[in-house]
Amino acid sequence: MSTPSAGEFNAGPLSERDLENLRLAIAITRTSIQSGEGPFGAVMADPDGAVVMTQENTALAMRDHTKHAESLLASRFCHEYYDDPRFRAASTLYSSMEPCAMCMFTMFKAGIGRVVYGLSADRLYAVASRYGTWPRTLISSHECARLMSTPMTVQGPHLEDEAGAVLQEMQTMIKARLAQQAPGTKECERLRKEAADLDKESLS
């Protein structure tokens, strides 16, 4: 599998294997939104592009906002291949959404050499205003990589329309759940707010 040199940004088109793995990360988000964790999924592939691990968010389940899919996956991958830093450096993490600074620096410490992502953070926050209220580090994944002593290749955004479509699916799911709730309950109001937030913007 041919990959860009370390430290490059959006260097060349993605391979068919890259696109396949990124689509898998996007597909994982469909499981994540069912559990209320949001549209976040990640895939770890070896230097040949073969998938070795997958992960979704567990922030709500663990009651810990640091449990992002990318950070969890990077930690698992580092633990599993701790004694093979060259393998880790030649591997790629695929994320449905642009990784935040916390996740980028976790990947850096895990020795992962490349990240490919779908929807950009700017479009995610523009589409769903509820994400816009979350604490956000105002530094992009590309800017994070430029601050690393060991270069990391960052490629994205890619397949933004496909990644963004999950937000529309999430909106439909929320509205369906809302219809099943008794009016005036806390859960009803929470779902109503989420549905309204996703209605405010579009991916256009």
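Being β-branched (Val, Ile, Thr) and either touching a Pro at 6+ places or on another chain (Cβ under 8 Å) or on the phi > 0 side of the Ramachandran plot (or both) is the filter here; which residues of region 23-80 pass it? Of everything in region 23-80, those that are β-branched (Val, Ile, Thr) and either touching a Pro at 6+ places or on another chain (Cβ under 8 Å) or on the phi > 0 side of the Ramachandran plot (or both) turn out to be Thr29, Ile33.
Scanning region 18-57 for residues that are without any contact (Cβ under 8 Å) to a residue 40 or more places away in the chain and more than 11 Å from Tyr94 (Cα to Cα) gives Ala27, Thr31, Ser32, Ser35, Gly36, Glu37, Ala50, Val52, Glu56, Asn57.
For region 55-101, the set of residues classified as under 22 Å from Leu119 (Cβ atoms), open to solvent by 60 Å² or more (accessible area, probe 1.4 Å) and of a type in the set (Ser, Thr, Tyr) consists of Thr66 only.
For region 158-188, taking the residues that are in a loop (DSSP other than H, G, I, E, B) and surrounded by 15 or more Cβ atoms within 10 Å (Cβ to Cβ), the one that is modelled with the lowest pLDDT is identified as Gln181.
The criterion of at least 2 residues that are among the acidic types (Asp, Glu), modelled with pLDDT of 95 or more and closer than 24 Å to Ser32 by Cα is met by the following helices (runs of 4 or more DSSP H) wholly inside region 51-156: 69-80.
Note on region 1-50: residues that are surrounded by fewer than 15 Cβ atoms within 10 Å (Cβ to Cβ) and modelled with pLDDT of 95 or more amount to 4.
The values are calculated or read from the model by the stated rules, or taken from the named source; none is laboratory data. Here the structure is a predicted model, which is why all the values come from computation and not from measurement. Note that each Cβ is placed from the backbone with ideal geometry, even for glycine, and that neighbours are counted across all protein chains shown. Please note that ligands, DNA and RNA were not included when accessible areas were found on the heavy atoms of the full protein model with its side chains. Shrake-Rupley method; radii C 1.70, N 1.55, O 1.52, S 1.80 Å.
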